[in-house]
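Chemist: Please find one structure pasted underneath; my questions will follow.
The values are calculated or read from the model by the stated rules, or taken from the named source; none is laboratory data. Since the structure is predicted, the reported quantities are computational estimates derived from the model, not experimental observations. All Cβ positions, even for glycine, are placed from backbone atoms using ideal geometry, and neighbour counts span all protein chains on display.
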Amino acid sequence: MCLEDNANCSNVVNAVCSSSKCGCKPYYRNPSVDSCTKVLDSICTATENCSSVANSICTTGSCKCKSMYTAMTDHCMPVLGSNCSDNNGCSAVTNATCQNNKCNCIANYTQKVDVCIIGLGNPCADNAACTNVAHSICENKICACMAGYNIKGTECVVVSSAGVLSVGIVAMATCFIALLMGQKTLGSC
């Protein structure tokens, strides 16, 4: 028993006073008399054991966040592509916002797995801003693929050397034939 709402219930770990009774803080449950434990990662036998944390389930004997949600301290927050009603619902992902009731990356950022990164074609201050995309650089304040690479989707891929190689072979063969015929000297090829 406690006297004042929101007072600390020192005899029960992670408890607060509410309506003159000590109870567990939000996102905690009371498996024993002297301690309230965090729900996420605690032992469970059914999803009902995890019900005090929205969007959590009991899986392999432990309370975890559902698919499309990520653990944020002691509650489950939506990840990219999941439903949301406002920007707070997407706060687990840096540089994400709620657009059309879905968590998406903000302007100038690209989704890569479950994070928002500065993508190709987006503004940058220096090369460090573009390091999220392999083989990219900051060129004229825009993230772009470095020489020898082309944009393919959200990545920089090596330029096929087949076209360059065939032009080089033709030029070398032409010079070799000219040398054989005496039309060129070794230094002129």
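Chemist: Looking at the range 125-139, is at least one residue among the polar types (S, T, N, Q), touching a strand residue (DSSP E or B) at 6+ places or on another chain (Cβ under 7 Å), surrounded by fewer than 14 Cβ atoms within 10 Å (Cβ to Cβ) and not in a loop (DSSP other than H, G, I, E, B)? Outline the logic, then answer.
Modeler: If we filter the range 125-139 for residues that are among the polar types (S, T, N, Q), which is where we start, we get 127, 131-132, 136.
Narrowing the set further to residues that are touching a strand residue (DSSP E or B) at 6+ places or on another chain (Cβ under 7 Å) leaves 127, 132, 136.
Of the ones still in play, those that are also surrounded by fewer than 14 Cβ atoms within 10 Å (Cβ to Cβ) are 127.
Restricting the remaining residues to those that are not in a loop (DSSP other than H, G, I, E, B) gives 127.
Within the range 125-139, one or more residues are among the polar types (S, T, N, Q), touching a strand residue (DSSP E or B) at 6+ places or on another chain (Cβ under 7 Å), surrounded by fewer than 14 Cβ atoms within 10 Å (Cβ to Cβ) and not in a loop (DSSP other than H, G, I, E, B).
Chemist: A further question follows. For the list (1) at pLDDT below 85; (2) out of contact with any helix residue (DSSP H, G or I) (no Cβ under 9 Å at 6 or more places or on another chain); (3) within 29 Å of Thr70 (Cα to Cα), I need the number of the one condition that Gly187 fails.
Modeler: (3)
Chemist: Can you tell me which residue among Cys145, Cys138 is over 30 Å from Val39 (Cβ atoms) and touching an Asp or Glu at 6+ places or on another chain (Cβ under 8 Å)? Working first, answer last.
Modeler: Details: Cys145 fails: touching an Asp or Glu at 6+ places or on another chain (Cβ under 8 Å).
Checking each option against the conditions leaves just Cys138.
Chemist: Taking the options Ser51, Ser20, name whichever one is surrounded by fewer than 19 Cβ atoms within 10 Å (Cβ to Cβ) and free of Cβ contacts under 8 Å to residues at least 12 places away in the same chain.
Modeler: Values: Ser20 fails: free of Cβ contacts under 8 Å to residues at least 12 places away in the same chain.
Ser51 is the lone residue from the list that is surrounded by fewer than 19 Cβ atoms within 10 Å (Cβ to Cβ) and free of Cβ contacts under 8 Å to residues at least 12 places away in the same chain.
Chemist: May I ask you to say which residue of Val113, Val93 is β-branched (Val, Ile, Thr), closer than 30 Å to Asp41 by Cβ, surrounded by fewer than 18 Cβ atoms within 10 Å (Cβ to Cβ) and not assigned by TED's automatic domain parsing to the domain that holds Ser56?
Modeler: Val113
Chemist: Considering only strands (runs of 3 or more DSSP E) fully contained in the range 1-110, which possess at least 1 residues that are closer than 30 Å to Ile142 by Cα? Spell out the reasoning first.
Modeler: Numbers: elements: 15-18, 21-24, 56-59, 62-65, 69-72, 75-78, 96-99, 102-105.
In the range 1-110, the matching strands (runs of 3 or more DSSP E) lie at 96-99, 102-105.
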